[in-house]
Amino acid sequence: MTVAAPTGSSPGLLDAFFGALADPTRRQLIQRLVIDGPASASTLHELFTLTRQAVVKHLTVLESAGLVTRQRRGREVLFVASPERLAAGVAWLLETGGHWDRRIDRLLQRASAADHPPPVIPG
């Protein structure tokens, strides 16, 4: 069974979304940006045992997946989480989970019916 991407999300964007979030450092970066708001690469670098360049590479992957955007404030570049892309990925997960829930419910109903066949009425 193939589940289509939610409205506004192509399969390629979903691949980029899940690929970007497959790395624990990128998940921590996006979590930090969602919870605490925009931050510069220098600020984010201080939270990790990575070089600033490594943090920028991770942020670039998140940006390519549409999960963060860059905003310039004067000389500083801030990275901002993109809630729309996060919501699209969550919507896909919920939709897919709903399909599986319905399939499991049907399977359980069939299994229950097989365990308790209807009584035979002599005729």
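The values are calculated or read from the model by the stated rules, or taken from the named source; none is laboratory data. Remember, it's a predicted structure, so these values are computed and weren't measured experimentally. Every residue, glycine as well, gets a Cβ built from its backbone with ideal geometry; the counts of neighbours run over all protein chains shown. Each accessible area value is taken on the protein alone, full model and side chains, heavy atoms only, with ligands, DNA and RNA left out. Shrake-Rupley method; radii C 1.70, N 1.55, O 1.52, S 1.80 Å.
Accessible area per residue was computed with a 1.4 Å probe on protein heavy atoms; Asp105 scores about 80 Å². The peptide list 17-29, 58-70, put in order of mean Cβ contacts within 10 Å with the highest first, becomes 58-70, 17-29. Between Lys57 and Ala114, the distance separating the two model label sites (each 7 Å from Cα on the Cα→Cβ line) works out to 5.1 nm. With all protein chains kept in place, the per residue accessible area of the range 25-113 amounts to 65 square angstrom at a probe of 1.4 angstrom.
The overall shape of the range 38-79, judged from the alpha-carbon gyration tensor, is oblate: a/c is not under 1.5, and a/b is no greater than b/c. Carbon-plus-sulfur accessible fraction, the chain (probe radius 1.4 Å, protein heavy atoms only): 59%. Heavy-atom accessible area with a 1.4 Å probe sorts Ile30, Ile121, Ile104, largest first, into Ile121, Ile104, Ile30.
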